[in-house]
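Comments concern the structure below.
The values are calculated or read from the model by the stated rules, or taken from the named source; none is laboratory data. Keep in mind the model is a prediction, meaning the values are calculated, not measured. Ideal geometry is used to build each Cβ from the backbone, glycine not excepted, and the neighbour counts take in all protein chains shown. Calculation scope for accessible area: heavy atoms of the full protein, side chains included, ligands and nucleic acids excluded. Shrake-Rupley method; radii C 1.70, N 1.55, O 1.52, S 1.80 Å.
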Amino acid sequence: MLDAQQTTLYVDVILPLPLPATFTYRLPFELNNYIRKGTRVMVQFGRRRVMTALVVSIHSNPPQDYAAKYVLELLDEHPILLPLHLDFWQWTAEYYLCYIGEVMNVALPSALKLSSTTRIEANPDFENLPQAQEAISDKEQLILDTLKTRGTLTLDDIFELVDQKNIHKLLKSLISREAIITFEEVKEKYKPKYIKKVRLAQNYVQRHALQELLVSLANKPKQERVLLRYLSLVPVLDNPALNSEGAPKNAFVDKHMELAEQISFSSLQTMLKNGIFEEFSEHILRQNQGAVEAPRPALTPEQAVVRDEILTHFQTKSAVLLHGVTGSGKTEVYIDLIMQALAGGSQVLLLLPEIALTTQMVIRLRKIFGNKMGVYHSRLTENERYEIWQGVKDGLYDFVLAVRSGIFLPFYNLNLIIIDEEHDSSYKQYEPSPRYNARDLAMVLASMHKGKVLLGSATPSLESYFLAQKGQYGLVKLLVRYSEAKVPRIELIDLKEARQQKQMREQFTLKVLSSIETAIERQEQVILFQNRRGFAPYLECEVCNWVPRCINCSVSLTYHQKSNEIRCHYCGHHEHTPKECKSCKSHKVSYIGYGTEKLEEDLTALLPTVRTLRMDRDTTHTKHQYEQVIQDFDEGKADVLVGTQMVTKGLDFARVNLVCVFDMDRFLHFPDFRALERAFQLLVQVSGRAGRRSGLGHVLIQTSQPQHPVFKKVIENDYLSFFDQELLEREKYSYPPFARVVRLTLKHEDLYTCKNAALDLAAPLLKQWGQEVVLGPERPLIDRIKNRYLQDILLKFPRSNFNLKAAKIFLRAEVEKLLSNKSYKKLSMVLDVDFV
């Protein structure tokens, strides 16, 4: 009988790459007894690259088409994922028409995806070789000189050093001369965080020994203060066992002490040297942990009724939609349900659409849940994301507050998923693939865990409300504001009339300006909403109408005054602001339209005493900038907050009673079947920021179309009437929720090749499904991005009496067939299922 260790085993693995299949590797005999499904291994992929792969099956069948390479290393003693997680990945890949490696790439934090980096070093024997005497180029010499001083370089280092796009010829030349050596380096990406702590030496912990120590330090006041400071931090006399935990070394400095009483670090060092204290390091998590400070919030009678209705629905339904008006206290209901789930030993995931929302929510929930709660989003560092991911897996965090990527955390007992602002398009992933919707994936994940989903919104998506009306979801309503707060009064200001009566100052009507002044006089705060960042959408020559356009994309460049540049918001291309027209050389180049940057500047010019803050992508690059803006406004350090749609989502400021909305008309006519739905949702959500505590909130909307039906529905807060009207339109033209929409976007650097490829793909699709399902191909509104031309094909699959799985298999086959055509070698394609 063969020894198990001598049996030849193979593993199928997933690589974090957009590849259609798993790959088979041979297992070294010494790993036979340790390999498990769900563990990570290091493998060689290609000629030199070393990568992390995930084991999905173990067997004894060698591959038929190639010789299997050996697994290089086993990285985990135990599986990092359960079979359930792998099933979830597979479902995601199949539904969203992507590869499971792409799911792996977004699901695992970077610290778990080790890969090699190509590094270059100088050949130490090069100078002794005959070819060392041959002439080389200046850039090749620059590389060699830099290697002498720096030792090794990465490819990125060389790109930056020689400042040219194609460095491969340079490297090939140096390699052929044997001047350089390339090698692969694998580095651990996760770095634990440690703090230095001190504690009393064990022989001083007992009371009598400690008393003797105090007596011996009577003539050494500085050391005595160090000891007394330690005893105030760690009450060893009351509980000697606490000494093992020690105190942070930096905690010995008390800023509130008089200067003469400050602790001397040199005295502490002397006591460490003399063996009175001992120093040690302790591993800590990077996210701030907090003790429970706030009690469970008491629900109002209305909230308690809603909570009970949700629990009743959960007995028969897997999902419930909570339709609660802005300021109704949906968060209090969430907290109550979370506490019930945690008390039952389950895990809970609360999803928010924007990182900006997490700041206020984290502060509030941390006081209630303390260190049971983790926070997970893309603005965290790699190390922070890894610690939360590992903490969920190990049961350290029973409750996680996250944005859409949190759906892939390795929960093992997930009983409840809450999706706040479920209507928000930010739950949809656009780049990179998979282009998933976290709201929809939550339904699948909860089903796999046999858990429940609660969807919450003041303006539910048409799809969710439609399913609730059909009885697929439970439906619960909370239509009164918390603590008797009133629904804000909404007023339309006719821009045409204001211009005719000369009541405009820059972008502001006199009504808006006077309302801002009145609010500030009452010591209230104001939010200005303009969903366009930058100073102006574009520049234009007053003489010949020339407009600066992006060299890579078919869009105009947006003017940013602070950086004095015009910038493309699609590819990042930027230029210095032109001083003259590049067409007619005129100096009469002016900006057209306005963004948040100009709105803030104009307000400051018109009302110089007003203190402003701006919240958009340009001012909130990092999580700390988000937090700082929100904290400063919450603390009253500014009177007016100017922002994009970040300011519409769930933020709660006690002193905001006035909200002003600008440039809303462009939303009403945007060429998208969801345009009116989004306009309605944005207006209701931003209006909900006003009057959340006391006083009647006031919302001013500047518009050139005050008669538009959407405004009437918003003013009357009539969601149901709006829903019924939109539903009729969607059904008439076969859009969601009556169809599943898939958008195929073809990309190529040549326009005619792109068009021909689109026609070649559309032909078999039209033959299979007809013109009712297949629309296009057609040129999109922006038909060139990053120097690649675009063509769109839209597929509208019926939701009933249609085999969606078979349709996706057929579609995938036709796409693969097209991409394998040598004529379309450089063609790429984006398949966006359920695009929003």
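Kindly indicate the residue of the range 188-219 that is in a loop (DSSP other than H, G, I, E, B) and either without any contact (Cβ under 8 Å) to a residue 24 or more places away in the chain or touching a His at 6+ places or on another chain (Cβ under 6 Å) (or both) and also farthest from Thr270 (Cα to Cα) among those meeting that condition. Looking at residues that are in a loop (DSSP other than H, G, I, E, B) and either without any contact (Cβ under 8 Å) to a residue 24 or more places away in the chain or touching a His at 6+ places or on another chain (Cβ under 6 Å) (or both), I get Pro192.
Only residues that are at pLDDT 90 or above, within 19 Å of Gln645 (Cβ to Cβ) and assigned to a helix (DSSP H, G or I): list them for the range 685-712, please.
Initially, the range 685-712 is screened for residues at pLDDT 90 or above, giving 698-712.
If we keep only those that are within 19 Å of Gln645 (Cβ to Cβ) too, we end up with 699-703, 710-711.
Matches in the range 685-712: Val710, Phe711.
The rows are residues; the columns are (1) at pLDDT 80 or above; (2) closer than 30 Å to Asp336 by Cβ.
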position: Arg229; (1), (2): yes, no
position: Asp238; (1), (2): yes, no
position: Ala241; (1), (2): yes, no
position: Lys249; (1), (2): yes, no
position: Asp254; (1), (2): no, no
position: Glu261; (1), (2): no, no
position: Thr270; (1), (2): yes, no
position: Lys273; (1), (2): yes, no
position: Glu293; (1), (2): no, yes
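Can you confirm whether the range 82-105 contains a residue that is of a type in the set (Gly, Ala, Ser), farther than 27 Å from Glu387 by Cα and touching a residue at least 40 places away in the same chain (Cβ under 8 Å)? So far as the range 82-105 goes, no, none of its residues is of a type in the set (Gly, Ala, Ser), farther than 27 Å from Glu387 by Cα and touching a residue at least 40 places away in the same chain (Cβ under 8 Å). Taking the range 33-52 as the range and being of a type in the set (A, V, I, L, M, F, W, C) and either open to solvent by 100 Å² or more (accessible area, probe 1.4 Å) or in contact with a helix residue (DSSP H, G or I) (Cβ under 9 Å, 6 or more places away or on another chain) (or both) as the test, only Val41 passes.
Within the range 796-827, count every residue that is β-branched (Val, Ile, Thr) and in contact (Cβ under 8 Å) with a residue 24 or more places away in the chain.
First pass over the range 796-827, keeping only residues β-branched (Val, Ile, Thr): 809, 815.
Next cut, in contact (Cβ under 8 Å) with a residue 24 or more places away in the chain only: 815.
Number of matching residues: 1.
Looking at Ile490, Ile551 in this structure, which one is of a type in the set (Val, Ile, Thr) and open to solvent by 40 Å² or more (accessible area, probe 1.4 Å)? Full working, then the answer.
On the way: Ile490 fails: open to solvent by 40 Å² or more (accessible area, probe 1.4 Å).
Selected residue: Ile551, the only one of Ile490, Ile551 that is of a type in the set (Val, Ile, Thr) and open to solvent by 40 Å² or more (accessible area, probe 1.4 Å).
Cβ separations smaller than 7 Å between residues 6+ apart or across chains give the following pairs from the range 314-326 residues that are within 15 Å of Ala442 (Cβ to Cβ) to residues that are open to solvent by 20 Å² or more (accessible area, probe 1.4 Å) and in a loop (DSSP other than H, G, I, E, B): Lys317/Tyr473; Ala319/Tyr473; Val320/Tyr473; Leu321/Tyr473. If you go through the range 207-229 and pick out every residue that is hydrophobic (A, V, I, L, M, F, W, C) and open to solvent by 30 Å² or more (accessible area, probe 1.4 Å), you end up with 4. Picking from residues in the range 760-787 that are among the basic types (Lys, Arg) and surrounded by fewer than 17 Cβ atoms within 10 Å (Cβ to Cβ), the one that is farthest from Ala813 (Cα to Cα) is Lys786.
When the criteria are applied in full, Glu540 meets the requirement of being assigned to a strand (DSSP E or B) and open to solvent by 30 Å² or more (accessible area, probe 1.4 Å).
Let's see how each residue does on (1) assigned to a strand (DSSP E or B); (2) without any contact (Cβ under 8 Å) to a residue 24 or more places away in the chain; (3) under 30 Å from Leu790 (Cα atoms); (4) open to solvent by 50 Å² or more (accessible area, probe 1.4 Å):
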{"site": "Ser515", "(1), (2), (3), (4)": "no, no, no, no"}
{"site": "Val526", "(1), (2), (3), (4)": "yes, no, no, no"}
{"site": "Ser563", "(1), (2), (3), (4)": "no, yes, no, yes"}
{"site": "Lys582", "(1), (2), (3), (4)": "no, no, yes, yes"}
{"site": "Leu603", "(1), (2), (3), (4)": "no, no, no, no"}
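With respect to (1) within 24 Å of Tyr436 (Cβ to Cβ); (2) outside any strand (DSSP E or B); (3) more than 27 Å from the chain's Cα centre (by Cα), the lone exception for Gln768 is condition (1).
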